[in-house]
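Visitor: This is the structure I want to talk about, given as structure tokens.
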């Protein structure tokens with residue numbers, strides 16, 4: 001029993017050292033950088049994770065085009081590879097494309113070799129699709145030390161977020177998502193939403209919320225920028 005206890009203790013300690021500590025380092029770093037931003041207008045940054053998805057992303061792109069808004073898409077490599085036409089449209093319409101790893105896996109439990117493979121396959125996929133100067137956001141905002149080393153080696157800037165609306169949840173609605181965004185978003189915020197995955201048609205609810213809130217934000221004077229800006 002003692003041996004099992006020590007094995008579990010060692011395992012937990014390794015996860016803390018390998019993944020949890022670097023994750024919190026970058027979350028703190030993000031908050032510090034946010035405080036140092038000079039307020040130069042009503043800017044917000046609309047970002048989407050977990051796509052592209054042919055069922056949802058095309059409709060989302062239609063809405064962004066209708067409202068003349070540019071956004072940032074952190075795409076999962078394997079989804080991007082299978083939906084190259086959507087990636088091409090994102091590029092043609094002026095959106096910023098970043099990497100959300102090749103597979104949507106937690107960095108906390110990805111061993112170094114798997115981390116390297118996941119990262120390199122993601123980068124190679126975006127390069128093959130003609131994506132230049134991608135930024136980076138790891139799934140769930142979780143880092144490990146190998147990921148950070150590779151990120152710096154490829155000169156990728158990480159982007160976390162300031163606001164979420166829990167739009168992936170099963171029991172939420174488009175009205176709840178809209179209300180959360182209205183209450184939480186303020187100047188210079190990076191907003192993280194999702195155009196892929198999620199439970200029970202989750203991205204569809206996000207799209208419905210955006211149909212209402214995007215024109216309202218524009219009327220309030222907000223300027224939409226991408227992470228590239």
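The values are calculated or read from the model by the stated rules, or taken from the named source; none is laboratory data. In this text, all values refer to a predicted model and were calculated from it rather than measured experimentally. Counting neighbours? That spans all protein chains shown, and the Cβs are built from the backbone with ideal geometry, glycine included.
Visitor: If residue 166 satisfies all but one of (1) at pLDDT 95 or above; (2) in contact with a helix residue (DSSP H, G or I) (Cβ under 8 Å, 6 or more places away or on another chain); (3) surrounded by 15 or more Cβ atoms within 10 Å (Cβ to Cβ); (4) closer than 25 Å to residue 35 by Cβ, what's the number of the condition it fails?
Guide: (3)
Visitor: Are any residues in the stretch 106-123 over 17 Å from residue 136 (Cα atoms) and in contact (Cβ under 8 Å) with a residue 40 or more places away in the chain, and if so, which ones?
Guide: Correct list: 109 only.
Visitor: Go over the candidates 156, 214, 210 one by one and state the one that is within 30 Å of residue 132 (Cβ to Cβ) and without any contact (Cβ under 8 Å) to a residue 60 or more places away in the chain.
Guide: Exactly one of 156, 214, 210 is within 30 Å of residue 132 (Cβ to Cβ) and without any contact (Cβ under 8 Å) to a residue 60 or more places away in the chain, namely 156.
Visitor: Here is a follow-up. Can you pull out the residues in the stretch 136-156 that are closer than 17 Å to residue 191 by Cα and in contact with a strand residue (DSSP E or B) (Cβ under 9 Å, 6 or more places away or on another chain)?
Guide: Those that are closer than 17 Å to residue 191 by Cα and in contact with a strand residue (DSSP E or B) (Cβ under 9 Å, 6 or more places away or on another chain): 136, 137, 138, 139, 141.
Visitor: Further, regarding this structure: Of the residues that make up the stretch 38-45, is at least one more than 21 Å from residue 208 (Cα to Cα), surrounded by fewer than 23 Cβ atoms within 10 Å (Cβ to Cβ), over 18 Å from the mean Cα position of the chain (by Cα) and free of Cβ contacts under 8 Å to residues at least 40 places away in the same chain?
Guide: There is at least one residue in the stretch 38-45 that is more than 21 Å from residue 208 (Cα to Cα), surrounded by fewer than 23 Cβ atoms within 10 Å (Cβ to Cβ), over 18 Å from the mean Cα position of the chain (by Cα) and free of Cβ contacts under 8 Å to residues at least 40 places away in the same chain.
Visitor: Just checking, how many residues over the stretch 169-182 are surrounded by fewer than 20 Cβ atoms within 10 Å (Cβ to Cβ), outside any helix (DSSP H, G or I) and in contact (Cβ under 8 Å) with a residue 24 or more places away in the chain?
Guide: Of the residues in that region, 3 qualify.
Visitor: Continuing with the same structure: Report, by residue number, each residue of the stretch 126-143 that is assigned to a loop (DSSP other than H, G, I, E, B) and either touching a helix residue (DSSP H, G or I) at 6+ places or on another chain (Cβ under 8 Å) or free of Cβ contacts under 8 Å to residues at least 12 places away in the same chain (or both).
Guide: 129, 130, 131, 132, 134, 138, 142, 143
Visitor: For the stretch 136-157, enumerate the residues that are surrounded by 19 or more Cβ atoms within 10 Å (Cβ to Cβ) and over 12 Å from residue 101 (Cβ atoms).
Guide: Selection gives 146 alone.
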